[in-house]
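Just so it is clear, none of the values below were taken in a lab; they were calculated from the coordinates. As the structure is a prediction and not an experimental result, all values here were calculated from the model. All Cβ positions, glycine included, derive from the backbone under ideal geometry; neighbour counts span all protein chains shown.
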Amino acid sequence: MKNNSLKTYIWLTIAFILNIYVGKSQCAGEDNTVTVCDKFLDISNQNFDLFSNLNGMPQMGGTWSTTNSANLDALNINTGTLDLWLINEFGEHQFTYTNGNCGESAIVTLLLGGYSGEDNVDGSANACSDMPTNMFNFLGSLVDGAIPDSNGVWEEDPMTATGDLSGNIFDTTLAGPGEYIFTYTVPDVDACLGSVSTIFLEVHKAPESGDPLEFVVCTTDDLSGFTNLNLNSLLVGEDMNGTWSEAFTNQIDGILDDIINVEEINANFGYGVYDFTYTVLPDHPVCSEASTTISIVILPTLQGNMQVDNYCAGSDYEVSLEYDDSLLPAGTYDLTYRVTSSQGMEDIIISIPFNNGSGTFNVLPAAVPLNEDVDLNIIGIIGKVPERDVCTNIDVPQVSFLTASPSATGESVCPDNEVDIQLQNILDMGGNLSNESHAVNYSLTFPDNTSTDLTTGSLDFTDGVVSFTIPSSNFNLDGSYTVDIEIEDSYDLDCTISTNIEVIPTPEEIQLQIIVDNSCDATGIDVLVDAPILVNGSYTIDYEVVEQNSMEILTDNSINFAGGIAQYEIDIANLPDGDYLVLLQSIQNDNTPCREVFEFQLEESFTIGGSPTVIDAESSQTFCLNDGVPTLVDVEVNTLGDVVFYENAENDIPLPLNTLLVNGEDYYVFSENENDNCSPDERIRIVVSLIQASTPTSENPNPVLCGSENPMLTDIQVSSPNNGSIIWYDSASGGAPLDITETLIDNQSYFAAEILGGFCESEIRLEITPTIVNPLLPDLTASELTLCALDNPTVVELENLEIPIDGVEIEWFLEEEGENVVSSSELLLDDTIYYAQSKDIETGCINLERFPVTVDLNNCDPEKYGFFIPDGFSPNSDGRNDTFYVPNIEIIFPDFTIEIFNRYGNSIFKGDAGNPAWSGSEVGRNMAPNGIYFFIINFNREGFEPRQGRLYLNQ
């Protein structure tokens with residue numbers, strides 16, 4: 001027994017040591033070489049287990065790797081599962097297993113037999129001659145997912161060899177169309193035999209659509225030679241079996257059509273690029289169709305227009321040229337223009353800037369004869385014209401113009417004399433010196449810059465010359481006049497015929513003055529003569545003193561002087577008290593320019609022994625222009641004498657009593673006694689204010705107002721143009737003013753007038769006709785609405801009661817006078833009064849009176865709503881059937897009562913609409929026991945008898 005134990009111990013020790021040694025040295029297993037000849041023969045080769053092909057005793061937990069990165073897609077590095085179908089190269093492949101627990105590795109060497117694919121000799125291998133082809137595209141396979149190896153050798157069959165095979169690429173563009181034989185070989189691998197696949201390849205000719213030729217013309221060229229242009233003439237090297245197409249000009253009528261009309265394209269579409277495509281279909285579908293597009297390029301000619309006027313001689317003959325600036329860049333160009341006239345033809349080159357589609361130049365005056373139409377042409381333009389985008393010639397229509405020198409002359413005159421005007425070089429409509437009849441219209445501008453338009457009527461011209469007279473009544477002001485003249489039915493010239501007329505001023509008047517020392521009680525009278533402008537000579541002034549009442553001449557005498565300044569005294573010392581006149585007068589020759597007669601009469605009144613008159617008047621007086629334009633007669637003055645008005649305090653010339661008053665002007669008044677020449681010592685100053693009331697204005701003479709707001713005249717918006725007051729009437733004229741708080745009546749006219757200062761009222765009144773909107777009362781089909789609350793009725797049910805009224809909508813309220821409108825989508829409330837109110841749709845005006853409708857939501861038919869009484873419930877708080885409740889009973893029978901009894905007849909629950917559900921508790925107890933209970937329901941609704949029954953409570 002002892003020996004056996006010792007043997008056992010020794011054996012276990014050896015096994016333990018052996019186990020440690022073996023486990024440590026073989027944790028990654030040992031290298032192994034595996035040969036697989038036909039990887040596509042077995043589907044399991046898609047999950048080839050490398051781990052099981054390790055020798056030794058490898059332990060799990062390591063990872064796999066490979067020296068060929070192309071094999072990574074086929075290898076699961078964690079499990080060692082290898083998809084041989086994803087390895088597309090025959091030969092040796094190594095996969096290394098590394099166990100990190102012991103730091104050891106082992107290699108599985110896989111010798112993989114080759115696969116060259118299947119022959120392709122049935123005519124399905126086709127290629128096109130326009131692109132090199134990959135020969136692998138034609139290798140067949142009998143197994144889905146099987147791919148020929150990529151590292152075999154391609155060779156041309158000697159019978160069809162071309163030398164155009166490089167690797168797996170056959171250059172069909174060099175070899176050309178034909179039939180070619182190729183082989184693909186994979187060699188033997190270990191015990192695996194190699195294989196050869198054969199391909200019969202047919203290369204088909206690619207279609208040739210040719211190379212395009214350029215076709216460029218100008219839109220202004222003579223294109224009559226291209227009305228039958230054969231498009232084939234614009235191609236080189238094309239196959240002849242192609243067809244033409246295009247998508248714009250409709251020149252191609254069908255597949256056989258190759259003729260186009262370029263002249264017609266230009267006429268219909270103008271300049272542009274018009275593409276026509278030639279398409280050749282392949283003989284075999286392996287080739288794609290070929291297309292070549294030729295472009296018919298019709299370039300725009302630089303179009304332009306000249307603007308030139310007819311000119312007056314000596315001015316700048318400026319010509320405006322407009323052109324398409326999208327075709328011609330801005331810059332300076334040498335422009336050649338041609339002037340054609342009776343002097344011949346002259347071409348002139350001028351450098352001008354072109355910018356933003358316009359340019360200007362001046363025609364040389366020397367090239368333009370007078371009174372003759374000349375023709376102007378643009379011959380060409382030299383400069384930075386684009387070579388391809390636009391034709392270099394310029395197409396500008398010819399223009400004609402004429403240069404003439406019409407004139408007018410007139411002489412200077414004295415005031416109030418007629419003026420003769422002579423016209424020269426006037427042309428008829430044909431541009432010739434006129435020998436026809438023309439009316440002359442002229443504008444006469446006066447020295448004060450005002451003007452008048454006049455006409456002569458028809459005048460007969462001779463070789464462009466005529467005279468006419470301007471009446472003397474036009475020349476009563478001194479200074480320079482301008483006559484601007486237009487000749488009817490004459491040649492249209494861009495110049496003005498005018499002349500200036502000078503009116504020589506009349507010499508100053510002879511200044512004579514009668515000075516009375518006191519016109520009310522005169523003691524001396526002096527006559528002052530100031531006449532330095534008179535020509536030297538002898539002049540006589542006669543004077544008389546006349547008694548006013550009898551008009552008796554008391555004194556008759558003369559004053560003699562030779563020009564200059566003189567003073568003479570008239571003797572009145574011996575005259576008795578009374579009223580008198582002193583008169584000076586003269587009528588004699590005067591040789592001063594623009595005055596031939598020295599004529600005047602001057603008088604002055606005076607009194608001896610008189611007394612002044614008292615005047616009383618308001619210093620500021622206001623007048624209303626609406627009553628008519630006031631005159632001095634309307635000024636209020638209190639006096640015993642005759643009232644006389646003056647412009648100022650010093651002026652001795654009285655104003656006529658019919659003088660119109662001027663606003664803001666001051667007038668000076670004094671009173672003359674008809675019995676003498678006395679006047680107050682001072683004149684009274686009266687300032688006049690003129691006011692005029694205007695018709696009021698309104699932006700809305702037909703206002704629309706709401707009757708519910710009790711509109712009054714104060715609600716009408718009327719403006720006073722002069723910031724005055726507004727007064728209202730019920731008629732356009734006359735009548736008594738209205739109270740502004742008067743309530744407005746629909747469609748009744750009211751008339752507003754402006755009033756200024758409390759007395760000046762506008763003559764024309766503004767008519768205002770208001771529209772007072774009072775929507776009709778709501779029109780409803782019923783005043784009560786009975787529904788069932790279970791239908792969730794909304795305010796729409798109320799709206800269904802409305803009888804439509806044109807232009808009126810109904811709004812619903814919960815209050816008789818509230819402002820909150822109830823929405824159509826709101827649910828109706830039971831036992832509630834709703835109020836309907838009319839609202840005018842257009843103006844928003846309302847009728848304050850509201851129509852009540854009572855809503856009752858208890859009209860529910862039990863049968864319609866599936867009314868039933870449950871026969872039990874389970875109050876176990878599981879959220880289902882926890883109470884005894886008759887569904888919707890409080891809605892269908894709002895006045896119901898329910899009472900529940902136990903089996904002893906004791907009442908344990910009473911309910912109604914406010915407490916419709918029994919929770920299972922008894923009066924005075926927490927919860928009724930399981931069992932049968934009894935109920936009595938009184939519906940309290942006509943036609944429904946009380947119902948009794950039993951129910952079961954089960955917790």
Report, ordered by chain and residue number, the aspartates and glutamates lying within cross-link reach of K910, taken as a straight Cα distance under 19 Å and ignoring same-chain residues fewer than 8 apart.
D871, D882, E890, D895, E899, E922, E945
What are the semi-axes of the equivalent ellipsoid for segment 872-953, taken as the square roots of 5 times the Cα gyration tensor eigenvalues, largest first, in whole Å?
21, 15, 11
Folded to 0 to 90 degrees: helix 2-25 orientation relative to the chain principal axis, Cα:
40 degrees
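How high is the relative contact order of the chain, in percent, counting Cα pairs under 8 Å that sit 6 or more residues apart?
Values: 2243 pairs, mean separation 40.6, N = 955.
Reported as a whole number, the value is 4 percent.
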Spatial separation of Cα centroids for segment 620-637 and segment 811-889, in angstrom
78 Å
Dipole moment magnitude, nearest 20 debye, segment 126-204 about Cα centre, only Lys, Arg, Asp, Glu C-beta charged:
60 debye
Along the charge dipole of segment 406-503, Cβ charges K/R +1 and D/E -1, which of I485, G430, T450 sits furthest on the positive end?
T450
Excluding same-chain residues fewer than 8 positions from K864, which aspartates and glutamates have a Cα within less than 12 Å of its Cα?
D791
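So what's Rg/Rh here for segment 704-773, counting alpha carbon atoms and using the Kirkwood radius for Rh?
With Rh from the inverse mean 1/r over Cα pairs, Rg/Rh is 0.97.
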Once the convex hull of the C-alpha atoms of segment 454-600 is built, how many Å³ does it hold per residue, rounded to a whole number?
197 Å³
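Determine the dipole magnitude for segment 784-856: charges of +1 sit on the beta-carbon of Lys and Arg, -1 on that of Asp and Glu, nothing else is charged, the reference point is the Cα centre, and the result goes in debye to the nearest 20. Before the final figure, lay out the partial values.
Details: 2 positive and 19 negative charges, 14 e Å.
Here segment 784-856 has a charge dipole of around 60 debye.
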How would you rank I803, I727, I487, I169, going from fewest to most other Cβ atoms within 10 Å of each one's own Cβ?
I803, I169, I727, I487
For segment 100-111, in residue order, the Karplus 3J(HN,Hα) values (coefficients 6.51, -1.76, 1.60; θ = phi - 60°; whole Hz; Gly and Pro = x) are x, 5, 10, x, 10, 9, 9, 10, 9, 9, 9, 9
Whole-Hz Karplus couplings 3J(HN,Hα) for segment 903-915, θ = phi - 60° and coefficients 6.51, -1.76, 1.60, Gly and Pro as x, run 5, 8, x, 7, 6, 10, 7, 10, x, 8, 4, x, 8
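State the volume of the convex hull built on the alpha-carbon positions of segment 406-503, expressed per residue in Å³ and rounded to an integer. Let's see the in-between values first.
On the way: hull volume 7.8 nm³, N = 98.
Convex hull of Cα atoms, per residue: 79 Å³.
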Of V121, F645, T499, farthest towards positive along the dipole that unit charges on Lys, Arg, Asp, Glu beta carbons give the chain:
V121
Got a sec to turn the phi values of segment 66-79 into Karplus ³J(HN,Hα) couplings, 6.51 cos²θ - 1.76 cosθ + 1.60 with θ = phi - 60°, whole Hz, x for Gly and Pro?
9, 7, 10, 4, 5, 8, 5, 5, 8, 9, 8, 6, 8, 9
Can you order the peptides 570-581, 651-662, 908-919 by their average number of other Cβ atoms within 10 Å per residue, highest first?
908-919, 570-581, 651-662
Which is farthest toward the positive dipole end of the chain among Y278, V886, G237, measuring Cα position about the Cα centre, with Cβ charges +1 (Lys, Arg) and -1 (Asp, Glu)?
V886
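If one computes P(r) from the Cα atoms of segment 840-909, what percent of pairs lie at distances over 16 Å?
Working: 1704 of 2415 pairs.
For segment 840-909, the share of Cα pairs beyond 16 Å comes to 71 percent.
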If you compute Rg/Rh (Cα atoms, Kirkwood Rh) for the structure shown, which of (i) 1.21; (ii) 1.04; (iii) 1.29 do you land on?
(iii)
